[in-house]
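Below: one structure, written as structure tokens.
The values are calculated or read from the model by the stated rules, or taken from the named source; none is laboratory data. These numbers were taken from a predicted model, which means no experiment stands behind them. Reconstructed Cβ throughout: ideal geometry from the backbone, glycine too, with neighbour counts over all protein chains shown.
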Amino acid sequence: MVLAATLTNLAPTASRLPVSRPRLPAVQALLPWLSQIDANRWYSNFGPLLRGFEDRLAGRFAGPTRVVTMVNATQGLSLTLRALGAGEGGLCAMPAWTFVASAHAVTEAGLTPWFLDVDPETSMLDPERVKAELRRAPGAVEAVLLVAPFGQMPDVDAWLAFQAETGVPVLIDAAAAFDQARDARLPLVVSLHATKALGIGEGGFLATEDGALADRVRELTTYGFRGDRNARGLATNAKLSEYSAAVGHAALDAWEADRRSFQRVGQRMRLSLALEPGILFQRGWSLQWVTSVCVVQLPGPWAAPAAEALETLGIETRAWWGRGCHASDAFRDCPRGDLSHTEDLARSSLGLPFASDMDDHEVDRVCGGLRRIITCL
Ligand SMILES: Cc1ncc(COP(=O)(O)O)c(C=O)c1O
């Protein structure tokens, strides 16, 4: 009743606010790069734009890093799991708190997802807990797929120690972590999908300090070829074209300015909700690192009613990962541990509208609406 009355007072203003409003480079920014393609008459198969794009991406990493681009991060994860030698038919330990693409990649690599719970503090797998779980694994564990939730990177040192101790290879699904992924001592895969912080439409890349792994993944993206026309093994075609690389160059040219815009909008949101102790942002979000979505945790199981109330105000929200990856029909039969933290997270997390060009009025509309709704729940 109180909520209904509050919503009536908060008249739905202006147009509907979408949860996501991606912005890729405009045509004027693309033209110089596209002109180079015209001049080169090289359109795909590792042309100069693609090589240059990979070099620029590799240059963002702290150590000596190789980058291998591909058509999307789902393929990138799957091909990297294969290149890591994860034995087909085995299990891949992974968090239930992720997007379904992570589990699709695992199954495409011939592995079965083994869903484990995340740590309630970090929303990620915890190496000590996974180590303990390994003793109870319902089969041979061939790999661990860590997920950097909504762009927040895991503790690489702790996972390197886990890998050394257990011998199980670790891969990071860093799909949304373009900004924070700067350390490739563990292999990681970043998405360049249009909805990500650095988007090119569709695309992704592996970053790794392991040159042999990079070579194997490259081979898998190009028919099993390694500079000749001999297919060394079963592979696919997952290459990016020069056109995608052109968008990538233009996006990188704009990155520092885009990053500042994400930061400005995010910081205004944080400030606007700072006096709401129950609303939690991801640690460091928009302060130390940026990404293209805003996911908050609300007190208790309030995400669904808050989403419904915001919708009546013309504010779109999204439960980006639904009830957790394990809850999708496709993965219902996969083995799993106790997933209570994941289920709590699914009930309390809410994706709010966020974009690098949100104006102050839009930010205030979202945060003001949420503040008032929370007081009534
Ligand atoms: C955690 C996670 N992994 C993988 C992917 C797949 O990325 P792509 O769309 O590039 O295949 C996504 C996409 O949103 C994601 O959020």
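Let's see how each residue does on (1) in contact (Cβ under 8 Å) with a residue 60 or more places away in the chain; (2) touching a helix residue (DSSP H, G or I) at 6+ places or on another chain (Cβ under 6 Å); (3) more than 30 Å from residue 80 (Cβ to Cβ); (4) assigned by TED's automatic domain parsing to the domain that holds residue 52:
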| position | (1), (2), (3), (4) |
| --- | --- |
| 243 | yes, no, no, yes |
| 264 | no, no, yes, no |
| 271 | no, no, yes, no |
| 274 | no, no, yes, no |
| 286 | no, yes, no, no |
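So in the stretch 79-106, with the set limited to residues that are under 24 Å from residue 323 (Cβ atoms) and not hydrophobic (A, V, I, L, M, F, W, C), which one is surrounded by the most Cβ atoms within 10 Å (Cβ to Cβ)? Break it down into steps so the answer makes sense when it comes.
Within the stretch 79-106, the first condition is being under 24 Å from residue 323 (Cβ atoms), and the residues that meet it are 91-106.
With the extra rule that they be not hydrophobic (A, V, I, L, M, F, W, C), the set shrinks to 95, 98, 102, 104.
Values: 95: 32, 98: 28, 102: 25, 104: 18.
It comes out as 95.
Is it the case, given these coordinates, that residue 292 is closer than 21 Å to residue 358 by Cα, modelled with pLDDT of 95 or more and either in contact with a Gly (Cβ under 7 Å, 6 or more places away or on another chain) or in a loop (DSSP other than H, G, I, E, B) (or both)?
yes
Only residues that are touching a Leu at 6+ places or on another chain (Cβ under 9 Å) and either of a type in the set (Lys, Arg) or farther than 17 Å from residue 335 by Cβ (or both): list them for the stretch 79-103, please.
79, 80, 81, 82, 83, 84, 101
Conditions: (1) within 16 Å of the ligand (Cβ to nearest atom); (2) over 29 Å from residue 345 (Cα atoms). Residue 293 meets all but one. Number of the miss?
Only one criterion in (1) within 16 Å of the ligand (Cβ to nearest atom); (2) over 29 Å from residue 345 (Cα atoms) is unmet by residue 293, namely (2).
Residue by residue, here is whether (1) in contact with a helix residue (DSSP H, G or I) (Cβ under 9 Å, 6 or more places away or on another chain); (2) surrounded by fewer than 16 Cβ atoms within 10 Å (Cβ to Cβ); (3) among the charged types (D, E, K, R); (4) more than 17 Å from residue 255 (Cβ to Cβ) holds:
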residue: 23; (1), (2), (3), (4): yes, yes, yes, no
residue: 30; (1), (2), (3), (4): yes, no, no, no
residue: 36; (1), (2), (3), (4): yes, no, no, yes
residue: 39; (1), (2), (3), (4): no, yes, no, yes
residue: 42; (1), (2), (3), (4): yes, yes, no, yes
residue: 47; (1), (2), (3), (4): yes, no, no, yes
residue: 50; (1), (2), (3), (4): yes, no, no, yes
residue: 55; (1), (2), (3), (4): no, yes, yes, no
residue: 59; (1), (2), (3), (4): no, yes, no, no
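Check off (1) more than 12 Å from the ligand (Cβ to nearest atom); (2) crowded, with 20+ Cβ neighbours inside 10 Å; (3) within 19 Å of residue 292 (Cα to Cα) for residue 208 and give me the number that stays unchecked.
Tallying (1) more than 12 Å from the ligand (Cβ to nearest atom); (2) crowded, with 20+ Cβ neighbours inside 10 Å; (3) within 19 Å of residue 292 (Cα to Cα), residue 208 fails exactly one: (3).
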